[in-house]
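Novice: Structure provided below as structure tokens; questions to follow.
The values are calculated or read from the model by the stated rules, or taken from the named source; none is laboratory data. Keep in mind that this is a model prediction, so the values were computed, not measured. Note that each Cβ is placed from the backbone with ideal geometry, even for glycine, and that neighbours are counted across all protein chains shown.
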């Protein structure tokens, strides 16, 4: 090899090493399957980050709670042992108490209302509350409206919920509300739920159609009632120190990638909501889809009075009445 060729080869090799060294790999995780509304969110996010940073940042994706449940992954991001996670707001109030208000039952009229609140000033101000807790909240996305399933009986009215042993999220607002329905609440991390239902440790659970479908709960639950009792947001969370280290352009790239992930995620929720009931009926679930929602709202009267004391009626009304 001529000296000039050797110099070129060494220069190319050095450039290759530099480019490899310049690529930073980060991890993001979800508790649900890859083929789900949450999987679509993080897959889109990872692709967009790589594209928008010219491949300098690569996001590795983990599914099915392989890095732990939602609460554990949020803890890991707060501590900096994991850079990113995508989680429902279920366990978020344990870290950012201000976010509790979003989990009040029957707070949002429909998905359009919820999305308008989260994308508007109320939601954007809430994202800022994560900064002081060790997080950079990149964007709101969606889990969807939650519905009840169980293995015991059809739920047509609030009375049918009394005495059912239900898995709930590790969320104080949810637990208080479900106790108001007379449910025996069992807070549990999501990766444990299928086995708990299979073994009869709990009678039922509540989740959006997207989750019920991707988790294959139809295999262990007979009854589904479209209660739509809580709207469940999701959120892209990043370790604050990791975000702060990014250049201004890369910060924008991560924020824009999260927005694209949220867009893809909401589109999948819409598709799952459109096909979910027929899909689950075809798989043998019995579905109650004509509930009198007003009865469920009325059953939570005493609990809602407590929430008004806790959060302030004006703060709740600001969300309820947002146009």
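Novice: Select the helices (runs of 4 or more DSSP H) contained entirely in the stretch 186-262, then report the ones holding at least 2 residues which are surrounded by fewer than 18 Cβ atoms within 10 Å (Cβ to Cβ), at positive phi and touching a strand residue (DSSP E or B) at 6+ places or on another chain (Cβ under 6 Å). I'd like the intermediate steps shown before the answer.
Specialist: On the way: elements: 193-198, 209-214, 240-244.
Answer list for the stretch 186-262: none.
Novice: So, one more: Looking for something closer than 22 Å to residue 307 by Cα, over 24 Å from the mean Cα position of the chain (by Cα), touching a residue at least 12 places away in the same chain (Cβ under 8 Å) and crowded, with 18+ Cβ neighbours inside 10 Å - is there at least one such residue anywhere in the stretch 159-167?
Specialist: yes
Yes/no matrix, rows are residues, columns are (1) more than 17 Å from the chain's Cα centre (by Cα); (2) surrounded by fewer than 21 Cβ atoms within 10 Å (Cβ to Cβ); (3) modelled with pLDDT of 95 or more:
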site: 41; (1), (2), (3): no, no, yes
site: 48; (1), (2), (3): yes, yes, yes
site: 54; (1), (2), (3): yes, yes, yes
site: 67; (1), (2), (3): no, yes, yes
site: 104; (1), (2), (3): no, no, yes
site: 114; (1), (2), (3): no, no, yes
site: 120; (1), (2), (3): yes, yes, yes
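Novice: Considering only residues that are assigned to a helix (DSSP H, G or I) and more than 21 Å from residue 70 (Cβ to Cβ), which ones fall in the stretch 159-185?
Specialist: 159, 160, 161, 179, 180
Novice: Here is a further query. Filter the stretch 97-122 down to the residues that are closer than 23 Å to residue 301 by Cα and touching a helix residue (DSSP H, G or I) at 6+ places or on another chain (Cβ under 7 Å) and list them by number.
Specialist: 98, 99, 100, 101, 103, 104, 105, 106, 107, 108
Novice: Quick one: in the stretch 132-158, which of the residues that are touching a strand residue (DSSP E or B) at 6+ places or on another chain (Cβ under 8 Å) and not in a strand (DSSP E or B) is surrounded by the most Cβ atoms within 10 Å (Cβ to Cβ)?
Specialist: Going through the stretch 132-158, the residues touching a strand residue (DSSP E or B) at 6+ places or on another chain (Cβ under 8 Å) turn out to be 134-156.
Imposing the further condition that a residue be not in a strand (DSSP E or B) reduces the set to 134, 151-156.
Numbers: 134: 18, 151: 15, 152: 15, 153: 15, 154: 13, 155: 24, 156: 13.
Applying the filter and picking the extreme gives 155.
Novice: Another question, then. Identify, please: which residue in the stretch 80-101 is in contact (Cβ under 8 Å) with a residue 40 or more places away in the chain and over 23 Å from residue 257 (Cβ atoms) and is, among those, surrounded by the most Cβ atoms within 10 Å (Cβ to Cβ)?
Specialist: Once the filter is applied, the top-ranked residue is 90.
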